[in-house]
Each structure stands twice: as structure tokens, then as C-alpha cells.
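> Below you will find the structure I want to go over with you.
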Amino acid sequence: MAEFDNSPALGVLELQHIARGVRVADAICKRTEIDILASRPISGGKHLIYLRGGVAEMEEAMQVAREVADKSLIDSLFLPMAHQALWPHVPEGCNGAGWTSDVILSAAIIETNTICSLLDAMDGACKEAEVIVRDVRLGVGIMGKAFFTMTGELDDVQAAAEAAERRAGGKLLALEVIAAPAHEIMGQLIL
């Protein structure tokens with residue numbers, strides 16, 4: 001028997017925008033029966049998602065991912081029955097402890113091309129509505145880009161996101177509002 005006969009399928013998605021990567025991970029969780037091994041920003045300011053599961057489920061997950069990723073998708077890989085030699089080299093889990101989740105009704109991810117514009121956008125968001133800032137990454141390891149996530153009631157998150165968008169202006173790269181994050185990504189939007 002070959003070493004890949006009963007191996008699960010591997011899916012990898014490489015996205016141009018971190019914010020869209022989180023939205024794609026959320027959509028995969030909500031619409032498919034697939035395991036997300038990791039979903040996180042990487043060097044170059046990109047977002048990478050690693051998936052594992054059955055072949056048919058992976059085909060569905062990759063279709064959902066391509067649809068939601070749209071023009072942010074840089075590259076993707078679908079390997080049915082991936083060889084066992086690959087699995088020890090595929091990242092699994094997250095870096096860092098994340099944040100504890102209370103009841104989260106909605107979330108937003110704001111991504112800018114400069115640190116200053118992100119801090120300005122975050123200030124505007126927090127002054128506009130009652131939201132909780134969760135994850136913040138200021139340039140390191142993501143090619144100078146910056147992003148933050150925030151959570152709260154949907155109306156508050158939408159108002160805060162609009163304020164962040166206004167404050168970031170032309171330096172806004174991506175903004176995604178997720179009305180009801182999938183349970184699998186609650187507590188840590190970046191897996």
C-alpha cells in the first residue's frame with residue numbers, strides 16, 4: 001500500500017489581505033465540514049490558511065474559499081490524499097494565547113498599509129462606538145502592514161468600522177465585518 005492511500009486531503013490558501021483571510025476562514029467554518037489547521041498572517045503581509053479533511057469536503061471548502069477570497073486570492077493548492085511526508089511540515093494551531101471570548105455577536109478586521117494609519121483608525125473606531133479591541137499587529141512580520149480586530153454588538157461594530165474606514169482613508173487595505181463569527185474562530189480570529 002502506498003503511503004498516501006488513506007491520507008486526508010490538504011488545502012492551502014494564500015491571500016493578499018489579512019482581513020479577507022479571516023473572512024475566508026469564517027466562511028469555511030460555517031459552510032463546510034473541514035478542519036482548519038492554521039489561519040494566520042505571514043511575512044509579506046499575506047494571510048495563509050491550511051486545511052485538512054476528506055477529498056469531497058476539501059473540494060467544497062476550496063470552492064467556498066475561492067468564492068469568498070475573490071481577487072484577494074494569490075494562490076491555492078488542493079492535494080487529494082496528500083503524501084504523509086507533507087503533514088509534519090504543515091503548521092497547526094496558533095501562535096500566542098489569543099483572547100477569551102464572552103458572547104461575541106460580531107467582529108471586524110481593519111487592515112492598513114501603515115502603522116500610523118492603523119492607530120488613527122483604531123482611535124476613531126473606539127471613539128465612535130462601544131467595541132473591544134482584540135488582536136493588534138503593528139508591522140512586524142507582515143511587511144509593515146498593520147491590522148486590528150474588534151468585537152461587539154453588530155450596530156456598534158459597523159459604526160466603529162465606518163469610523164475606522166474614514167480615519168484610515170486611502171491607507172485602508174481591507175476591512176471585513178463578520179456579523180456572527182463561526183464558533184471555531186471565536187476567541188481568536190487569527191487561528
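> So if I check each of Ala160, Ala168, Ala180, which one is in contact with a strand residue (DSSP E or B) (Cβ under 9 Å, 6 or more places away or on another chain), of a type in the set (Gly, Ala, Ser) and at pLDDT below 95?
Ala180 is the lone residue from the list that is in contact with a strand residue (DSSP E or B) (Cβ under 9 Å, 6 or more places away or on another chain), of a type in the set (Gly, Ala, Ser) and at pLDDT below 95.
> Let me ask something additional. Condition (residue is assigned to a loop (DSSP other than H, G, I, E, B) and either outside the structural domain of Ile34 (by TED's automatic domain parsing) or not charged (D, E, K, R) (or both)) applied to segment 159-178: is it met by at least one residue?
no
> Now for a separate question. Would you tally the residues in segment 125-158 being within 12 Å of Ile110 (Cα to Cα) and in a helix (DSSP H, G or I)?
Qualifying residue count for the region: 3.
> Take segment 154-176 and flag every residue that is farther than 11 Å from Ile18 by Cβ, acidic (Asp, Glu) and surrounded by 15 or more Cβ atoms within 10 Å (Cβ to Cβ).
If the condition is that a residue be farther than 11 Å from Ile18 by Cβ, acidic (Asp, Glu) and surrounded by 15 or more Cβ atoms within 10 Å (Cβ to Cβ), then Asp156, Glu162, Glu165 are the ones that fit.
Residues are listed down the side, and each one gets a yes or a no for (1) outside any strand (DSSP E or B); (2) of a type in the set (Val, Ile, Thr); (3) modelled with pLDDT under 90; (4) assigned by TED's automatic domain parsing to the domain that holds Arg137:
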| residue | (1), (2), (3), (4) |
| --- | --- |
| Glu33 | yes, no, no, no |
| Gly44 | yes, no, yes, no |
| Met62 | yes, no, no, no |
| Val68 | yes, yes, no, no |
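The values are calculated or read from the model by the stated rules, or taken from the named source; none is laboratory data. Small disclaimer: the values here were computed from a predicted structure and weren't measured. For neighbour counting, all protein chains shown are included, and Cβ atoms are generated from backbone atoms with ideal geometry for every residue, glycine included.
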